[in-house]
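K.L.:
Dropping the structure in here first, questions after.
What follows draws every value from the coordinates through simple rules; no lab data is involved. Computed from a prediction, not measured in an experiment: that's the story for all the values here. Glycine also receives a Cβ, built like all others from the backbone with ideal geometry; neighbour counts cover every protein chain displayed.
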Amino acid sequence: MRVNDIDATVKFYTEALGLTESRRHTSPRGAQLVFLQTPNSDEEIEICQMPDGAPAVEVQEDLMHLAFEVDDLEQFAAEAKAAGYELSDGPTQTGSGSVIAFFDAPEGYEVELIQRPKQ
């Protein structure tokens, strides 16, 4: 994901969503790169801020979003709120029985939280 403010983005994903920074470096082109590890997974998200002078990132509304499954959406949202991050939409029950909600992440990206129905 390309961003304008890598520090604000990393802060959001670590504080609101519980991701952890696994590594950080500068690419040969001068871009700052941070890799964020998702909990209980081998998956990572790469955050990239281009060097000074590069065009600013402008994220189109509803262009893309990330989605994370959570065990207890209500508890997750309460913990995020205590850290200063409130849901921007939801929670909403879906036709499949899942409950979804959203955060507005920095740069105009959107993050979806999904609680699957209990089996």
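K.L.:
Quick test for you: out of Val111, Val99, pick the one residue that is over 13 Å from Leu17 (Cβ atoms) and buried (at least 17 other Cβ atoms within 10 Å of the Cβ).
P.N.:
Val99
K.L.:
Over 15 Å from the mean Cα position of the chain (by Cα), closer than 25 Å to Lys118 by Cβ and in a loop (DSSP other than H, G, I, E, B): which single residue out of Asp71, Asp42, Asp52 fits that description?
P.N.:
Working: Asp42 fails: closer than 25 Å to Lys118 by Cβ; Asp52 fails: closer than 25 Å to Lys118 by Cβ.
Matching residue, one of Asp71, Asp42, Asp52: Asp71.
K.L.:
If I go through region 66-77 residue by residue, how many of them are within 18 Å of Glu46 (Cα to Cα) and surrounded by 14 or more Cβ atoms within 10 Å (Cβ to Cβ)?
P.N.:
Looking only at region 66-77, we keep the residues that are within 18 Å of Glu46 (Cα to Cα), and these are 66-68.
Restricting the remaining residues to those that are surrounded by 14 or more Cβ atoms within 10 Å (Cβ to Cβ) gives 66, 68.
Of the residues in region 66-77, 2 are within 18 Å of Glu46 (Cα to Cα) and surrounded by 14 or more Cβ atoms within 10 Å (Cβ to Cβ).
K.L.:
Among the residues of region 93-115, which ones are more than 19 Å from the chain's Cα centre (by Cα) and in a loop (DSSP other than H, G, I, E, B)?
P.N.:
Matches in region 93-115: Thr94, Gly95, Ser96, Gly97, Ser98.
K.L.:
With the structure loaded, tell me whether Val34 is in contact (Cβ under 8 Å) with a residue 12 or more places away in the chain, touching a helix residue (DSSP H, G or I) at 6+ places or on another chain (Cβ under 6 Å) and more than 13 Å from Ala105 (Cβ to Cβ) or whether it fails that test.
P.N.:
Numbers: in contact (Cβ under 8 Å) with a residue 12 or more places away in the chain: yes; touching a helix residue (DSSP H, G or I) at 6+ places or on another chain (Cβ under 6 Å): yes; more than 13 Å from Ala105 (Cβ to Cβ): yes.
Answer is yes for this residue.
K.L.:
Same structure again: When both residues are 6+ apart or on different chains and their Cβ atoms are under 9 Å apart, which pairs have a first residue that lies in region 54-66 and is over 18 Å from Ala101 (Cβ atoms), and a second that is aromatic (Phe, Trp, Tyr) and surrounded by 10 or more Cβ atoms within 10 Å (Cβ to Cβ)?
P.N.:
Once the first residue is over 18 Å from Ala101 (Cβ atoms) and sits in region 54-66, its partners that are aromatic (Phe, Trp, Tyr) and surrounded by 10 or more Cβ atoms within 10 Å (Cβ to Cβ) give Val59/Tyr109; Leu63/Tyr109.
K.L.:
Which members of region 8-39 meet the condition of being in contact with a strand residue (DSSP E or B) (Cβ under 9 Å, 6 or more places away or on another chain) and assigned to a helix (DSSP H, G or I)?
P.N.:
Thr9, Val10, Phe12, Tyr13, Thr14 - these are the residues of region 8-39 that are in contact with a strand residue (DSSP E or B) (Cβ under 9 Å, 6 or more places away or on another chain) and assigned to a helix (DSSP H, G or I).
Conditions (1) surrounded by 14 or more Cβ atoms within 10 Å (Cβ to Cβ); (2) under 19 Å from Asp7 (Cβ atoms); (3) in contact with a Gly (Cβ under 7 Å, 6 or more places away or on another chain), marked per residue:
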site	(1), (2), (3)
Leu19	yes, yes, no
Thr26	no, yes, no
Ala31	yes, yes, no
Glu43	no, no, no
Ala54	no, yes, no
Val57	yes, yes, no
